[in-house]
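As structure tokens, the structure follows; a few thoughts come after it.
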Amino acid sequence: MTEPQTAPRPDPHAWVAGSDAPEKHVVNLGFMALTDAASLIVAATQGFAQPYGLTLNLHRQTSWSNIRDKLIEGELDAAHGLYGLIYAVHLGIGGSAPVDMAVLMGLAQNGQSISLSSTLKAAGVTDPEALGTCVRQSGAKLTLAQTFPTGTHALWLYYWLAAYGIHPLRDVRTLVVPPSQMVAHLRARRIDGFCAGEPWGAQAIQEDMGFTLATSQSIWPDHPEKVLGCTRAFVEQYPNTARALVMAILEASRFIDESQENRRSTAQLIAGQEYVNAPLSAIEPRFLGQYEDGLGHAWLDMHPLRFFGNGEVNMPYHSDGLWFMTQLRRWGLLREDPDYLAVAQRVQQTSLYRDAAAALAIPVPDSTMRSALLMDGSRWDGSDPAGYARSFALHALADHVAYPEPC
């Protein structure tokens, strides 16, 4: 990370004056009942938006498809969004016509989990090898849920399964379930496991309905997760509003990550009925990085859910957008290679983010690319996305893909 090249203004709130004033003062923000929506909730309720001339109206949604549809229709101005969802809408895959979309900033890294049922636990299916054996020997396919066909949870689940030789589109059945309904579906034995954000993995353990088999940060440490997404039309019509919104959420993100005390108070806030609506006992431990897997193991995670990380979380890296496109291509959701870099450059609002971060003296990296080593030993740096998509032994590049249906 390097210091911003643009000198910060003496008063970052000067952005709201004169020609920099927000064109739209009331912003409708969508979110899902997940702990990684925390920065939006904090920004809207704890006074971080008002200095930028904004009022943030929060609208909790029941599904990711609702968020998609309401962003497209303009009922929501921006939303807590899945990286893959934003790119799928932009590219016209996953059940919607193409609409130019924008990623304003990253909202979170890490913090998702793959859970299996207590029934599988009782049968001794408690590690990847046992799961592979179960999949190969079972007469009926196991049913694993994710939250949206092109979303991050589908892609984490697919990546993890494939890394252990389990083809996610052939060897198991997958279906779409909203995150807050995952535990109920486990309880009703409609599914054998799921991949979703917290607190639903922790809640499955607390209700003795399941256990955590893997975390998303074990797949890719400090991976990109939720983003602040909107249509490109919103950015073009309200550029000052978009920048002010990013600044307010950046300040809220910095506040959350400043201390464990701030994290505890944030966990208590978001547990409320109007937000995540889950017990604090299911939210707080993993919010603080304290994990138990329901199998007797406990640890302090080295790559917990984080919201700021001195700006590392929030930069809309081109390489992050590229990676999700490679996985959409890998699993046949994209039928042809797009112009990967051109798409990422259009969707990722890097210039707007740089302006917002510079005004707050938040470090901004020189490069829009970053590299990572994933769980299967593959190195990702964004240099050859088409080749990367083709590099995996398990894929669906030439297959007909049927999208998982909602349960």
Completion exercise
Relative contact order in percent for the stretch 300-407 (Cα pairs under 8 Å, 6+ apart) equals 35
Exercise for the section: For the chain, report the accessible area per residue in Å² (1.4 Å probe, heavy atoms, rounded to an integer). Expected result: 37
Exercise for the section: Send over the per residue convex hull volume for the stretch 122-169, Cα only, as a whole number of Å³. Expected result: 87
Practice task
Could you work out the Rg to Rh ratio of the stretch 330-374, with Rh taken as the Kirkwood radius (inverse of the mean 1/r over all Cα pairs)?
Solution key: 1.11
Problem - Gain in span if fully extended, Ala361 to Glu336, counting 0.36 nm per residue against the direct Cα distance - result: 4.9 nm
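Report, in deg cm²/dmol and to the nearest 500, the calculated mean residue ellipticity at 222 nm for the chain, where each DSSP H run with n ≥ 4 adds -39500 (n - 2.57) and the sum is divided by the residue count.
-10500 deg cm²/dmol, from helical runs alone.
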Handout entry: Estimated FRET transfer efficiency when R0 is 41 angstrom, pair Ser138-Arg379 (beta carbons, to 0.05)
Key = 0.75
Exercise for the section: Only bridges with both residues in the chain count here: give the DSSP antiparallel percent, nearest 5. Expected result: 60
Problem - trypsin sites (Lys or Arg not before Pro) lying in DSSP loop within the stretch 46-151, provided at most 16 other Cβ fall within 10 Å - result: Lys141
Completion exercise
Heavy-atom accessible area of the stretch 175-246 with neighbours in place, 1.4 angstrom probe: carbon+sulfur share in percent works out to 43
Practice task
Output the peptides 125-135, 22-32, 306-316, 371-381 sorted from most to least packed, where packing is the average of other Cβ atoms within 10 Å over each peptide's residues.
Solution key: 306-316, 22-32, 125-135, 371-381
Practice task
Take the Cβ-Cβ distance between Gln46 and Thr119 as r, set R0 to 56 Å, and report the resulting FRET efficiency rounded to the nearest 0.05.
Solution key: 0.85
Practice task
Please state, as a whole number in µm²/s, the translational diffusion coefficient that the Stokes-Einstein equation yields for the stretch 296-377 at 4 °C and 1.567 mPa s, with Rh defined as the Kirkwood radius across alpha carbon pairs.
Solution key: 86
Problem - Debye intensity ratio I(q)/I(0), log10, the stretch 216-263, q values 0.22 Å⁻¹ (C-alpha model) - result: -0.90
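At a Förster radius of 30 Å, what calculated FRET efficiency corresponds to the Cβ-Cβ distance of Arg390 and Asp100, to the nearest 0.05?
Efficiency at R0 = 30 Å is approximately 0.65.
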Problem - Pairs of alpha carbons in the stretch 12-121 whose separation is greater than 23 Å (percent) - result: 39
Handout entry: For Gln109, distant residues with modelled amide H under 5 Å away
Key = Arg306
Completion exercise
In terms of the alpha carbon gyration tensor, root eigenvalues a ≥ b ≥ c, rounded if a/c is under 1.5 and otherwise prolate when a/b exceeds b/c or oblate, the stretch 263-407 is oblate
Exercise for the section: Quick one: of Lys70/Lys226; Lys24/Lys70; Lys141/Lys226, which pairs are farther than 25 Å apart, Cα to Cα? Expected result: Lys141/Lys226
Handout entry: Proportion of all alpha-carbon pairs of the chain beyond 34 Å (%)
Key = 25
Completion exercise
In whole Å, largest first, the alpha carbons of the stretch 209-312 cover along the principal axes 53, 30, 27
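The values are calculated or read from the model by the stated rules, or taken from the named source; none is laboratory data. This structure is a prediction, so every number in the text was calculated from the model and none was measured. Heads up, the Cβs are rebuilt from the backbone with ideal geometry, glycines too, and the neighbour counts pull from every protein chain shown. These area figures cover heavy atoms from the full protein model, side chains too; ligands, DNA and RNA do not enter into them. Shrake-Rupley method; radii C 1.70, N 1.55, O 1.52, S 1.80 Å.
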